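This is the structure, below, for whatever I ask next.
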Amino acid sequence: MAASHQPSIDATELFEILVREQESRLRAFIGSMVQSPEAVEDLVQDCFLVAWKNLGKYDRTLPFGPWLRGIAKNLALSYYRKVRRDKHAFPGEEIIDHLSLLYSSLDKAPGDDFDAQIKSLECCLEKLPEHQRKIIDLHYEEELDTRQIAEFLGRTREGVKKILQRGRSWLADCIQQRLSALGMEPIREATREKG
C-alpha cells in the first residue's frame, strides 16, 4: 500500500493564495475610502506588505479578509493624516467602521479561513495525476526551477512549463469548485477579466 502524499505548504504559498483571493475585495474596500486611484494602488500594495511582515500575528482560525481590512483601515487613516489638505474627502472613522462591517458579511461563508483553504488545496493536490503532482512538488517544495526539473526528469523545459501551467490551472479550478460547494462565490472570474 502506497503512503499517502502529504503536501507541505509554506507560508509564502499560502500568503500568495490568500492575496489572490482577497485582492479585488481589498481594492474595492480601499477605493470606497480613498478617491485617488494612485493612492488606492499604493495602499493595496502597502497593505499586503504590512500583512506579510505581520503574518506571524495572524490567527489562522479566523477569516483572512477582516484582518487584512483592519490593516487597510489603519493605512487609510494614516494616509488621510498625511494629506490633510482635503478634510471633506475623508469619509470619517464611523463610515470606515461601517464599511468594514459590510465587507465582513462577505467573509461569513464557510471556507474563508486559512485552514479550510489549505484543506481544499491538499485535497486537490491528492487528485492531481502523478506526473503533474511530481513536477509541482519539485517546483514548490524542492524549489527547483523548470530547467532543473527538466534535467532531473529527462523532459524538455517547455514540457515542464506546460505541465506546471496546466497543473496550476487545474488546481485553481478544483479549489474553486470545492469552495463553491461550501457556498463561497467563485473568484476566478474577476481574475480572468483582468487578463
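The values are calculated or read from the model by the stated rules, or taken from the named source; none is laboratory data. Not measured: the values here are computed from a predicted model. Backbone-built Cβ (ideal geometry, glycine too); neighbour counts: all protein chains shown.
With respect to the numbered conditions (1) over 11 Å from the mean Cα position of the chain (by Cα); (2) under 30 Å from Glu143 (Cα atoms); (3) touching a residue at least 60 places away in the same chain (Cβ under 8 Å), which one is the sole condition not fulfilled by Leu14?
(1)
Now, a different point. Which one of the conditions (1) touching a residue at least 40 places away in the same chain (Cβ under 8 Å); (2) hydroxyl-bearing (Ser, Thr, Tyr); (3) part of a helix (DSSP H, G or I) does Thr61 fail to meet, given that it meets all the rest?
Among (1) touching a residue at least 40 places away in the same chain (Cβ under 8 Å); (2) hydroxyl-bearing (Ser, Thr, Tyr); (3) part of a helix (DSSP H, G or I), the lone unmet condition for Thr61 is (3).
Moving on. Scan the stretch 49-67 for residues that are crowded, with 20+ Cβ neighbours inside 10 Å and at pLDDT 90 or above and jot them down.
Across the stretch 49-67, the qualifying residue is only Ala51.
Output the residue which, of all residues in the stretch 111-134 that are surrounded by fewer than 16 Cβ atoms within 10 Å (Cβ to Cβ) and within 23 Å of Lys57 (Cα to Cα), is modelled with the lowest pLDDT.
Result: Asp115.
Of all residues in the stretch 147-195, count the ones that are at pLDDT 90 or above and either assigned to a helix (DSSP H, G or I) or surrounded by 14 or more Cβ atoms within 10 Å (Cβ to Cβ) (or both).
Adding up the residues that qualify gives 15.
Here's a follow-up. Answer with yes or no whether Arg27 is in a loop (DSSP other than H, G, I, E, B) and assigned by TED's automatic domain parsing to the domain that holds Glu16.
no
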